[in-house]
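Q: Would you mind keeping the following structure in view while I ask a few things?
The values are calculated or read from the model by the stated rules, or taken from the named source; none is laboratory data. Treat the numbers as computed from the prediction; the structure is a model and nothing was measured. Please note: Cβ atoms are built from the backbone with ideal geometry, for glycine as well, and neighbour counts cover all protein chains shown.
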Amino acid sequence: MRIGVFALAAMCLAVIAVTQHCEAQQRMTQEQVLTQLIEEIPPLTHPRDGALPIRASRLQGWLPEDDDAAREFLRALDARGLALCGHPVPGNADSMTAALRTARLQHELGLEVGVHASQAMYSFFSGDEDTLHVADDASTFHDESFAASKKMGCPFRLEHRKDAIKAQFREILEPYLAAGLTIDFLYLDWEIDGPIEWNGAWDSSKRCTVCRENIPEIDDFYAFQAALRKIRSELQRECCVEVVQEYFPEALIGNYSVYPQSGVRYWYDYYERLPEDAPFFPDQLAKNRPWYHEFEPSGYTFANPVVYTWYATWSWYPRWNNDDYRWFYNLLQVGTNAGRHTPQQIPLITWLHWHTTAPPADAPEVPQMSEWAYQELLWHLYLRGTDGLMMWCTAEETTKEIGLMTEVMDAMLAHREFIGAGEPVMFNIPDEPGTVVSGLRLADRLLVRRTDFGGNQQPIRGVVGDRIVEVPRRDGQTWEIDLSRCEVAPQ
């Protein structure tokens, strides 16, 4: 007799509860993660009505073997605003079979078909001699400053790798087309590969005869960064975006950390460090970096900023005693940067992580961002232009992380018409713990939220269009203001 998905969830949770008492507890399996989500996270109370679902690093890789149970499972995830992605890996027939099955079932249910295609993008730096740097004595060398296992090489010796990467994409795309399936959403998490200007890359390129020949002003970091990011953009456009669009021209396509922005980046990934003598913009102890405009030449069709609680972030702002604002300030800078510069017609899908991200081994603990502050952040991201959410975390963190996200998503769906169509119009970020106000404008309607990191009880006044808007303190509330009833701003 077939076991229903909810009975299966209960069985899995019982197993989890028992193993938590074992000294040598094993990590949760993908099956346990997904079934726990359905058991512990309630369905949305408001319809998505076309709003983007939440996708996550753990929302892939498993479905019940029985098709009826799998359909029930996918429906249950969808009811919670969650969507699975297939994860096909070039050369791995089992992964392709599983991804196509997920897509077929999603198609039958009228759900969006999503694909995590990172493995098709790796690796331009294959480790072969003809991808490495070339020294003055004609010997080759690679840059080990990113990871000992990654042979990062010369950014100008990658042209011959394009065809191999394109072939990997075709290998995973053609079966979808042959099966009569459409890919609606495809994302990459392509990081430590291809041209990157951080860590020891600048020094390595200065030692490389090919790099020096191609970057005459190599001692200028901005010239070095622009040369590498230009190539990186071309690799993404030619080998991923253009190939995917040959098969599925309407697909949303994006890559982790590639998004429209102001030319400044406020965060460091776990593998990145600022090269000595590279320029930066100080903010207390933060060293905000110059950032190349990579999104536009890459050709991606959705923006994908990264709003993570990186371990070092809290320590950058020692002037403030408010632990939550030490997190909130930086994360809102990232989200605001993307929201302010992403055109209205480009979906903005924000990567998130709440638990402190990538703490070094044996490092002292830092205060965790509170649940309250994190959910307030999510509200302000929506009200500054975010259209959809993605999330990375460990298996054990998944249910908690997604639960915090779906609570805000569900409440935001009560104002569904503003998602995607509303124009973000409030971008102020206080340089001290204080009052934060964000808003989306839709014609004469303004959806606002105010969050206070202090005792301010006074209304906040500002100008939206040609109107003066007054926002009183209303803790925990999001509400509409009728702009037509507001005072006209003096000319």
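Q: Of everything in segment 155-166 that's in a helix (DSSP H, G or I) and in contact (Cβ under 8 Å) with a residue 40 or more places away in the chain, which residue is surrounded by the fewest Cβ atoms within 10 Å (Cβ to Cβ)?
A: Residues of segment 155-166 that are in a helix (DSSP H, G or I), as a first pass: 159-166.
Retained after the next criterion (residues that are in contact (Cβ under 8 Å) with a residue 40 or more places away in the chain): 162, 165-166.
Values: LYS162: 14, ILE165: 23, LYS166: 17.
Among those residues, the one meeting the criterion is LYS162.
Q: Considering segment 416-426 alone, what residues qualify as being surrounded by fewer than 16 Cβ atoms within 10 Å (Cβ to Cβ) and either at pLDDT below 95 or in a loop (DSSP other than H, G, I, E, B) (or both)?
A: Pass one, segment 416-426, residues surrounded by fewer than 16 Cβ atoms within 10 Å (Cβ to Cβ): 416-417, 421, 423.
Of everything in segment 416-426, just one residue is surrounded by fewer than 16 Cβ atoms within 10 Å (Cβ to Cβ) and either at pLDDT below 95 or in a loop (DSSP other than H, G, I, E, B) (or both), namely ALA421.
Q: If you don't mind, there's one more thing I want to ask. Might you let me know whether segment 74-97 holds any residue that is in a helix (DSSP H, G or I), buried (at least 22 other Cβ atoms within 10 Å of the Cβ) and more than 23 Å from the chain's Cα centre (by Cα)?
A: no
Q: Residues of segment 440-461 being touching a Gly at 6+ places or on another chain (Cβ under 8 Å) and not in a strand (DSSP E or B), which ones? So that I can check it myself, show each step before the final result.
A: Going residue by residue through segment 440-461, those that are touching a Gly at 6+ places or on another chain (Cβ under 8 Å) are 440-442, 446-449, 452-454, 456.
Across segment 440-461, the qualifying residues are PHE453, GLY454, ASN456.
Q: Still on this model: Any residue at all in segment 122-141 that is closer than 30 Å to PRO47 by Cβ, within 24 Å of the chain's Cα centre (by Cα) and crowded, with 23+ Cβ neighbours inside 10 Å?
A: no
Q: May I ask you to list the residues in segment 58-71 that are out of contact with any helix residue (DSSP H, G or I) (no Cβ under 7 Å at 6 or more places or on another chain), surrounded by 13 or more Cβ atoms within 10 Å (Cβ to Cβ) and within 21 Å of VAL89 (Cβ to Cβ)?
A: LEU59, GLN60
Q: Just to be sure, is PRO297 assigned to a loop (DSSP other than H, G, I, E, B) and either modelled with pLDDT of 95 or more or hydroxyl-bearing (Ser, Thr, Tyr) (or both)?
A: Numbers: assigned to a loop (DSSP other than H, G, I, E, B): no; either modelled with pLDDT of 95 or more or hydroxyl-bearing (Ser, Thr, Tyr) (or both): yes.
When the stated conditions are applied, PRO297 does not pass them.
Q: It is to be established whether one or more residues within segment 45-57 are touching a residue at least 24 places away in the same chain (Cβ under 8 Å), surrounded by fewer than 22 Cβ atoms within 10 Å (Cβ to Cβ) and in contact with a Cys (Cβ under 9 Å, 6 or more places away or on another chain).
A: Yes: one or more hits.
Q: Could I ask something else about it? Can you tell me which residues in segment 434-447 are touching a helix residue (DSSP H, G or I) at 6+ places or on another chain (Cβ under 7 Å) and either hydrophobic (A, V, I, L, M, F, W, C) or under 12 Å from ASP475 (Cα atoms) (or both)?
A: If the condition is that a residue be touching a helix residue (DSSP H, G or I) at 6+ places or on another chain (Cβ under 7 Å) and either hydrophobic (A, V, I, L, M, F, W, C) or under 12 Å from ASP475 (Cα atoms) (or both), then VAL436, LEU440, LEU442, LEU446, LEU447 are the ones that fit.
Q: Next question. Of the residues GLN344, GLN375, only one is out of contact with any strand residue (DSSP E or B) (no Cβ under 7 Å at 6 or more places or on another chain) and either in a helix (DSSP H, G or I) or not hydroxyl-bearing (Ser, Thr, Tyr) (or both); which? Before you say what the answer is, go through the steps one by one.
A: On the way: GLN344 fails: out of contact with any strand residue (DSSP E or B) (no Cβ under 7 Å at 6 or more places or on another chain).
When all the criteria are applied, what remains is GLN375.
Q: Touching a residue at least 60 places away in the same chain (Cβ under 8 Å), in a helix (DSSP H, G or I), more than 11 Å from the chain's Cα centre (by Cα) and surrounded by fewer than 23 Cβ atoms within 10 Å (Cβ to Cβ), is that true of TYR329?
A: In short, no.
Q: Here's a follow-up. Does GLY127 meet the test of being closer than 20 Å to ASP189 by Cβ and in a loop (DSSP other than H, G, I, E, B)? Write out each step before concluding.
A: On the way: closer than 20 Å to ASP189 by Cβ: no; in a loop (DSSP other than H, G, I, E, B): yes.
Criteria not met by GLY127.
Q: Taking segment 437-464, which residues are touching a Lys or Arg at 6+ places or on another chain (Cβ under 6 Å) and exposed (fewer than 13 other Cβ atoms within 10 Å of the Cβ)?
A: Within segment 437-464, just GLN457 meets the criteria.
Q: Looking at CYS211, CYS240, can you tell me which residue is more than 21 Å from the chain's Cα centre (by Cα), under 18 Å from ARG161 (Cα atoms), at pLDDT 95 or above and crowded, with 16+ Cβ neighbours inside 10 Å? Steps first, please.
A: On the way: CYS240 fails: more than 21 Å from the chain's Cα centre (by Cα).
When all the criteria are applied, what remains is CYS211.
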